[in-house]
Amino acid sequence: MRVVVGLGNPGQRYVNTRHNLGFRVVEAFAATYEETWAKGDRYLFALINSESDPLLLVKPSTFMNSSGEAVADVILRFSPSIDDLMVVVDDVHLSLGQNRIRRRGSDGGHNGLTSIQASLESSCFPRLRMGVGSPPEGSDLIDYVLSEFASDALVVVDAQIKRAVEALECWVGRGLEEAMNHFNCEG
């Protein structure tokens, strides 16, 4: 079983914020297959049964900084290999519209990744980093990631989400190397 965890914060106030880009990607992926969301212990999930392996899409219902608790619950319930886990996360170190798949890595200062790495006691899981751009000089990072995209950026964000779903489909169907080779050169 492959598992894609999209990071974000629960609640209407956060729906269109930069920090919820991971949620938006797994929601778009689920919509492609007309899947609905079910409730787990500390997460929502959609199960897509494919011809090969089933795919589990996950949205933690914890706040971002506690995402690791939800991921630990998913691992306990569904028992996927850590190599079959992909975390979709916003990244202020990448330009808006830019996506990067990584085999493993640091948390990059992202508290959601910090929480997951602490819960799994490992940083050796793939992640899809989605650029949201850097905050303007002198701006607060937290305020920036918890703010919505400017209206003139929405076309870029929609295209970025579409490419992220395509990258995840490639990862599921053809593996991590193929997804990295094909999708890391875009943006």
*With a point put 7 Å past each Cα toward its Cβ, work out how far Ser50 is from Asn65 in nm, to one decimal.*
3.6 nm
*Prolate/oblate/rounded label for the chain (Cα gyration tensor, a/c 1.5)*: rounded
_Selected from Thr32, Asn49, Ser81, residue furthest toward positive end of dipole (region 2-182; charges at beta carbon)_ = Ser81
*Whole-Hz couplings from phi, Karplus 6.51/-1.76/1.60, listed for region 148-163; x for Gly and Pro*: 7, 5, 5, 4, 6, 9, 5, 5, 5, 5, 4, 5, 5, 5, 4, 5
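Provide the packing ranking of 160-166, 58-64, i.e. peptides ordered by the mean count of other C-beta atoms within 10 Å per residue, highest first.
58-64, 160-166
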*Percent relative contact order of the chain, based on C-alpha pairs within less than 8 angstrom and at least six residues apart?*
26 percent
*Taking neighbour counts of Cβ atoms within 10 Å as a proxy for exposure, in what order, fewest first, do Tyr43, Tyr33, Tyr144 appear?*
Tyr33, Tyr144, Tyr43
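Taken together, the values in this text are just the output of simple stated rules run on the coordinates, not laboratory data. Just so it is clear, the structure is predicted and the values come from calculations on it, not from any experiment. For neighbour counting, all protein chains shown are included, and Cβ atoms are generated from backbone atoms with ideal geometry for every residue, glycine included.
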